[in-house]
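One structure follows; several queries about it will come next.
The values are calculated or read from the model by the stated rules, or taken from the named source; none is laboratory data. Source: prediction; values computed, not measured. Backbone-built Cβ (ideal geometry, glycine too); neighbour counts: all protein chains shown.
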Amino acid sequence: MVLAHNLLRIHCYSPLLLCLFFALPTPPLPAQTQQEADVLLTNGQIYTMAAARNRVQALAIKSDQIIFTGPDQAAQAYIGPNTVVINLENRMVLPGFTDSHIHPISGGTRLMNCDLTDLRITKEVLDKIQNYVAANPQKEWIIGGGLWLPAIENGKPSAETLDKIIKDKPVYITSADGHSAWVNTKALEIGGINASTKDPNNGVIERKTDGTPIGTLRESAMGLVSKHIPDASPAERVIALKKAQALAHQYGITAWIDASVGAASIEAYLELEKAKELQLDVDLSITARVTKAAKAVPDILALYEKYQPKSENIQMKSTKIFIDGVVEGKTAALFDNYVGEKHKGLAYLDQQPYNEMIAAFDKAEVQVHVHACGDKGVNMTLNAFEFARQQNKPRDARHHIVHMQLMHSDDIDRFRKLDVVANIQPLWASPEDTYISELTIPVVGPERTEWIYPFGAIANSGAVIAHGSDWPVTTMNPFHAIQVAVTRRGPDEIERPAWTPQHLMDLYTVLNGYTQGGAYLMRRENSSGSLELGKKANLMVLNQDLFEIPKTAIHKTKVLLTFYQGEIVYQSQEWNP
């Protein structure tokens, strides 16, 4: 087995550490089946996630599988002349995380373009764009992403502002949430957008009082310009995917659900797998057109038939559907008007055709992955899943709804009753996020604010929870999200009362969502999600024990080692065995 070249072989565990704390040891394998381990982790706080707070000291790996978990003393039987023994020095070990909603290729591509991620001050944003333009004179288009909408002109950035930086080339910059685009006048001209241009179906062109486009495009209106941008090459997509994978390993992520793919993205994955460089368990959700079921379902099934991979690493029997937009853009579908407005956002389909579309996918045994942000959007989706169960009879479908930015309290229990997985992004549930404090709370009002990102209520109802980052919308770092989930503030070191505390989650529940919940959603619960005999050796070593530190310190957690199928795929410079 290949290990990181600079990993030291250390045979320095101590029998004095036997059965410390409250480990629940797994009995060693019978003598006749014991094997020499390739790698043995000892002297650790290894949280198996097989049961609440279940800890062991040692874990043995043979090839890509776990062959032992238990106390240090029993682990000695697995040491042979070629075993690499790693003394964890009491460090925490967890199963590898699953990021259940992520956009790896667009995220990796952003890293190669004008990346505005984490910039919150107007001058910093404009300086970054100006510097990128100056450094890339050969670019025909200036492409960027990660724009924090509250940082620019109250969330409605103007073409004139970009024109002051560059006029002769088109500029197209997507917002952090991916549901708005900021363009300059040249890009508006290329898109044929002017005062007489009508809003496209399910899209909004933000305008001045005289109808002139401002330079902000929402939802499908983004496509009026983006369709003119040259496609990334196949090689560029593979590079972007590799960048995303390397970042995932840095955060202990060993599996992900790519939330929105098409043919070009599928080909990038297959190319990486062909080169034996794909080191993640992957589930691909193919984007479906929001249209009549008779058209949508055959399109998806045709892609499955064309590209169905043979590899165990890649699964592909899932589709992604958008039913609405986002609250901050006032495009999420709500039951009641936005504050100060005379509209309730956008639902991309009426209920009955939506029911028929979901039921058709369900009948074809396609797992359905739905973006729903508004309370009406979530309600419509639950209605559609209920309709599908009535039409097709209940089955082990594992459909899931992602985001749930605003919900009605009556819909909380329906996740459990309908066996729908809540695919949540806990990082967003904090008023320190100005998308919440400046763009969401003001447009939903105080009463509905109590039901923004109601993750704790959903978890407490008994529903299955899985976690995603939605990277590159926000950071891929799961430890920032974990802290927000258990505090509803931050992530930072400041102690504060929880915001909407009825939706707090406990730490074990959050970790379970990143491990067993994600594995369940990907139908990999028999091979991953916990550290048990016979499961894949997908795991991480951390620099601190999340259960033993203040909640406000969780965001500072670092991954020291990440194993994927028994091999070290990431080793921090801070690793000092």
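Can you tell me which of (1) part of a loop (DSSP other than H, G, I, E, B); (2) modelled with pLDDT of 95 or more is the one Ile67 doesn't meet?
Result: Ile67 passes all but (1).
Yes or no: Thr331 part of a loop (DSSP other than H, G, I, E, B), in contact with a His (Cβ under 8 Å, 6 or more places away or on another chain) and either without any contact (Cβ under 8 Å) to a residue 60 or more places away in the chain or not acidic (Asp, Glu) (or both)?
When the stated conditions are applied, Thr331 passes them.
So is Ala397 in a helix (DSSP H, G or I) and of a type in the set (A, V, I, L, M) or not?
Details: in a helix (DSSP H, G or I): no; of a type in the set (A, V, I, L, M): yes.
Taking the combined requirement at face value, the residue does not satisfy it.
Further, regarding this structure: Considering each residue of the stretch 381-416, count those that are of a type in the set (Lys, Arg) and in contact (Cβ under 8 Å) with a residue 60 or more places away in the chain, and give that number.
Within the stretch 381-416, residues that are of a type in the set (Lys, Arg) and in contact (Cβ under 8 Å) with a residue 60 or more places away in the chain number 1.
Out of Lys198, Lys208, Lys164, report the one residue that is loosely packed, with under 15 Cβ neighbours inside 10 Å, out of contact with any strand residue (DSSP E or B) (no Cβ under 7 Å at 6 or more places or on another chain), over 19 Å from Leu346 (Cβ atoms) and basic (Lys, Arg). Before the answer, list the steps.
Working: Lys198 fails: over 19 Å from Leu346 (Cβ atoms); Lys208 fails: out of contact with any strand residue (DSSP E or B) (no Cβ under 7 Å at 6 or more places or on another chain).
When all the criteria are applied, what remains is Lys164.
Something else: Looking only at the stretch 322-334, decide whether some residue is assigned by TED's automatic domain parsing to the domain that holds Val370, farther than 13 Å from His179 by Cβ, polar (S, T, N, Q) and buried (at least 22 other Cβ atoms within 10 Å of the Cβ).
Taking every residue of the stretch 322-334 in turn, none turns out to be assigned by TED's automatic domain parsing to the domain that holds Val370, farther than 13 Å from His179 by Cβ, polar (S, T, N, Q) and buried (at least 22 other Cβ atoms within 10 Å of the Cβ).
Give, as residue ranges, the helices (runs of 4 or more DSSP H) completely inside the stretch 431-535 that count at least 3 residues that are in contact (Cβ under 8 Å) with a residue 60 or more places away in the chain.
Result: 441-449, 478-487, 507-512, 518-521.
So is Asn201 within 16 Å of Lys330 (Cα to Cα) and at pLDDT below 95 or not?
Answer is yes for this residue.
Can I ask one more? Sort through Val125, Val133 and tell me the only one that's surrounded by 20 or more Cβ atoms within 10 Å (Cβ to Cβ) and out of contact with any Gly (no Cβ under 6 Å at 6 or more places or on another chain).
Val125
Scanning the stretch 335-363 for residues that are part of a helix (DSSP H, G or I) and of a type in the set (Asp, Glu), which turns out surrounded by the most Cβ atoms within 10 Å (Cβ to Cβ)?
Asp362
Taking the residues in the stretch 476-496 that are crowded, with 24+ Cβ neighbours inside 10 Å and among the polar types (S, T, N, Q) as candidates, determine which candidate is nearest to the chain's Cα centre (by Cα).
Gln483
Scan the stretch 263-290 residue by residue and report those that are free of Cβ contacts under 8 Å to residues at least 40 places away in the same chain, within 28 Å of Pro353 (Cα to Cα) and part of a loop (DSSP other than H, G, I, E, B).
Passing the criteria: only Arg289.
Something else about it: In this structure, is Ala388 farther than 25 Å from Gly456 by Cα, in contact with a helix residue (DSSP H, G or I) (Cβ under 6 Å, 6 or more places away or on another chain), crowded, with 22+ Cβ neighbours inside 10 Å and modelled with pLDDT of 95 or more?
Against the criterion (farther than 25 Å from Gly456 by Cα, in contact with a helix residue (DSSP H, G or I) (Cβ under 6 Å, 6 or more places away or on another chain), crowded, with 22+ Cβ neighbours inside 10 Å and modelled with pLDDT of 95 or more), Ala388 qualifies.
So if I check each of Cys114, Cys12, which one is over 26 Å from Glu525 (Cα atoms), modelled with pLDDT under 95 and surrounded by 20 or more Cβ atoms within 10 Å (Cβ to Cβ)?
Cys114
Taking the stated definitions as given, is Leu542 modelled with pLDDT of 95 or more and more than 21 Å from Pro426 (Cα to Cα)?
For Leu542, the condition - modelled with pLDDT of 95 or more and more than 21 Å from Pro426 (Cα to Cα) - is not met.
Taking the stretch 308-321, which residues are modelled with pLDDT of 95 or more and under 18 Å from Arg289 (Cβ atoms)?
Ser318, Thr319, Lys320, Ile321 - these are the residues of the stretch 308-321 that are modelled with pLDDT of 95 or more and under 18 Å from Arg289 (Cβ atoms).
Still on this structure, please answer the following. Among the candidates Glu206, Glu189, Glu219, Glu236, which residue alone is at positive phi and either among the charged types (D, E, K, R) or out of contact with any helix residue (DSSP H, G or I) (no Cβ under 8 Å at 6 or more places or on another chain) (or both)? Spell out how you get there, then give the answer.
Numbers: Glu206 fails: at positive phi; Glu189 fails: at positive phi; Glu236 fails: at positive phi.
The conditions single out Glu219.
Test of understanding: among Thr319, Thr287, which residue is among the polar types (S, T, N, Q) and surrounded by fewer than 22 Cβ atoms within 10 Å (Cβ to Cβ)?
Step by step, each of Thr319, Thr287 is checked, and only Thr287 is among the polar types (S, T, N, Q) and surrounded by fewer than 22 Cβ atoms within 10 Å (Cβ to Cβ).
Go through the stretch 291-309 and report how many residues are in contact with a helix residue (DSSP H, G or I) (Cβ under 7 Å, 6 or more places away or on another chain), of a type in the set (A, V, I, L, M) and more than 12 Å from Ala360 (Cβ to Cβ).
Final tally of qualifying residues: 1.
Quick one: which helices (runs of 4 or more DSSP H) lie wholly within the stretch 74-174 and hold at least 2 residues that are among the hydroxyl-bearing types (Ser, Thr, Tyr) and in contact with a Ser or Thr (Cβ under 7 Å, 6 or more places away or on another chain)?
Fully inside the stretch 74-174 and qualifying: nothing.
Out of the residues in the stretch 108-124 that are of a type in the set (Lys, Arg) and out of contact with any helix residue (DSSP H, G or I) (no Cβ under 7 Å at 6 or more places or on another chain), which is farthest from Trp148 (Cα to Cα)?
Looking at the filtered set, the residue picked out is Arg110.
Yes or no, residue by residue, for (1) modelled with pLDDT under 95; (2) outside the structural domain of Lys62 (by TED's automatic domain parsing); (3) in contact with a strand residue (DSSP E or B) (Cβ under 6 Å, 6 or more places away or on another chain):
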{"residue": "Thr509", "(1), (2), (3)": "no, yes, no"}
{"residue": "Tyr514", "(1), (2), (3)": "no, yes, yes"}
{"residue": "Gly517", "(1), (2), (3)": "no, yes, yes"}
{"residue": "Leu561", "(1), (2), (3)": "no, no, yes"}
{"residue": "Tyr564", "(1), (2), (3)": "no, no, yes"}
{"residue": "Glu567", "(1), (2), (3)": "no, no, no"}
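Give me the residue from the stretch 37-56 that is at pLDDT 95 or above and assigned to a loop (DSSP other than H, G, I, E, B) and, out of that set, farthest from Tyr78 (Cα to Cα).
Filtering first and then ranking leaves Met49.
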